[in-house]
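Undergrad: I have a structure I would like to understand better, so I am pasting it below and will then ask my questions one at a time.
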Amino acid sequence: MSEGNVRTRLFPAVSPDAPLVAVNGETGEGEALLSAVRGLEDRDFSLLYFSGFDWDAALSPWPAPAVFPGQAPFSGGGEAYLKWLTEAVEALPGTPRFLALAGYSLAGLLAAWAPFQTPLFSRIASASGSLWYPGFMDFMEKNAPVRAPEKAYFSLGDREAWTRNPMLRPVEDYTRAAAERYKALGSETVFELNAGNHFQQPLERLAKAVAWLLAD
């Protein structure tokens with residue numbers, strides 16, 4: 001299964017009706033993520049792990065300026081990528097008890113945005129998500145999801161808002177607001193602060209997010 005340079009790996013559950021969690025992440029980290037999640041939550045689940053994509057293109061919901069000097073602007077390819085991803089999930093055999101979407105950084109932004117585009121995922125997790133993305137909070141406030149998720153997890157490092165970059169500085173306020181928005185829509189939500197900046201323990205933070213989605 002592929003779309004351009006996207007690599008897809010399925011770690012199947014024992015039971016065909018076990019939950020399935022789709023994750024967009026770094027190349028080569030699928031197995032490590034699976035192991036980390038199992039160390040936190042002993043539940044049978046399938047992990048569908050996507051990697052190898054162009055993060056700034058595939059995960060951005062609409063075009064936006066670059067964050068740092070010299071960086072290319074975000075091209076806004078999220079709609080096409082999400083459509084491809086949902087079709088890939090739907091093509092899998094079996095009927096999972098629920099489908100979830102999770103990710104870190106820009107992949108966390110995609111997970112938070114996905115319910116406004118598709119009813120497929122009933123649980124979502126945005127770990128240190130890029131919810132500072134220009135226009136995203138305004139979009140959330142003015143639009144309704146196609147299907148509000150049953151569960152929505154948000155986390156952030158407690159130093160991520162300590163930045164001189166004005167685009168990134170509101171990230172904690174925006175992440176808290178996104179959690180409150182989903183809560184108002186009826187989703188069971190949690191917002192968790194982790195120690196450190198954006199680049200500390202990303203795998204562990206994502207594993208915590210997935211484990212929370214799996215717990216009943």
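Undergrad: Applying the selection to segment 161-190, what residues are more than 14 Å from the chain's Cα centre (by Cα) and closer than 18 Å to residue 107 by Cβ?
TA: 168, 171, 174, 182 - these are the residues of segment 161-190 that are more than 14 Å from the chain's Cα centre (by Cα) and closer than 18 Å to residue 107 by Cβ.
Undergrad: Hey, any hits in segment 129-137 for a residue that's within 15 Å of the chain's Cα centre (by Cα) and either open to solvent by 10 Å² or more (accessible area, probe 1.4 Å) or more than 18 Å from residue 67 (Cβ to Cβ) (or both)?
TA: Taking every residue of segment 129-137 in turn, at least one turns out to be within 15 Å of the chain's Cα centre (by Cα) and either open to solvent by 10 Å² or more (accessible area, probe 1.4 Å) or more than 18 Å from residue 67 (Cβ to Cβ) (or both).
Undergrad: Sticking with this structure for a sec: So which residues in segment 142-171 are in contact with a strand residue (DSSP E or B) (Cβ under 8 Å, 6 or more places away or on another chain) and open to solvent by less than 40 Å² (accessible area, probe 1.4 Å), if there are any at all?
TA: Hits for segment 142-171 are 149, 151, 152, 153, 154, 155, 156, 157, 171.
Undergrad: Kindly indicate the residue of segment 198-211 that is open to solvent by less than 60 Å² (accessible area, probe 1.4 Å) and either without any contact (Cβ under 8 Å) to a residue 40 or more places away in the chain or out of contact with any helix residue (DSSP H, G or I) (no Cβ under 9 Å at 6 or more places or on another chain) (or both) and also nearest to residue 41 (Cα to Cα) among those meeting that condition.
TA: Only one residue tops the list, namely 205.
Undergrad: Still on this structure, please answer the following. Give the number of residues within segment 136-151 that are in contact (Cβ under 8 Å) with a residue 40 or more places away in the chain and either within 16 Å of residue 176 (Cα to Cα) or not small (Gly, Ala, Ser) (or both).
TA: 8
The values are calculated or read from the model by the stated rules, or taken from the named source; none is laboratory data. The structure displayed is predicted, hence computed values, not measured ones. Cβ: placed from backbone, ideal geometry, glycine included. Neighbour counts: every protein chain shown. In case anyone asks, the SASA skips ligands and DNA or RNA and just uses the protein heavy atoms, side chains included. Shrake-Rupley method; radii C 1.70, N 1.55, O 1.52, S 1.80 Å.
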